[in-house]
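All remarks here apply to the structure that follows.
Each value in this text was obtained by applying a stated rule to the coordinates, not by laboratory testing. A quick note: this is a predicted structure, and the numbers were derived from the prediction, not measured. Counting neighbours? That spans all protein chains shown, and the Cβs are built from the backbone with ideal geometry, glycine included.
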Amino acid sequence: MIGRRGRVLIQKTGCSRMDHKVAYSAVSLFLLSVVLFSFFSYYLSEVTGEDWFSRSGAVMCLVSAAAVFRLGRVQQTEIARILHDRNETDREKLEDVLGSPSRLHQLLSIAAYIIGLVGTVIWGYGDLVL
């Protein structure tokens, strides 16, 4: 959040590693659930003859975009916390966070991008698959 004089205001939530684990778990759960939803909608399309599968592609795109934004927010929160502390050791941590995020963060980002791309293809051409 930006204050009146252009200064960045840090919320006093005390963001910890546990908060990051919860965020990563939530993103993982959402990405897994949207993939399962896509398989279920394919099955539903086969059974009912309606076009549910291509609509699931839109949902996949939406959830993957939300996941990417959430992952970005986790990284921004970590950077803001480090900048707020202003220690020399934290500056080294800042370089680590900016240089390369955690392996889990990278994997979830890649998964979200792939799900978004697959969702786009399903959204556009899912009716031709059925």
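Scanning segment 17-48 for residues that are touching a Leu at 6+ places or on another chain (Cβ under 8 Å) and exposed (fewer than 15 other Cβ atoms within 10 Å of the Cβ) gives a single hit, Glu46. Of the helices (runs of 4 or more DSSP H) lying entirely inside segment 31-130, the ones with 1 or more residues being of a type in the set (Asp, Glu) and touching a residue at least 40 places away in the same chain (Cβ under 8 Å) are found at 53-85, 103-129. Note on segment 55-74: residues that are among the polar types (S, T, N, Q) and within 11 Å of the chain's Cα centre (by Cα) total 1.
Looking at segment 95-120 only, could you name the residues that are β-branched (Val, Ile, Thr) and surrounded by fewer than 13 Cβ atoms within 10 Å (Cβ to Cβ)? Result: Ile110, Ile114.
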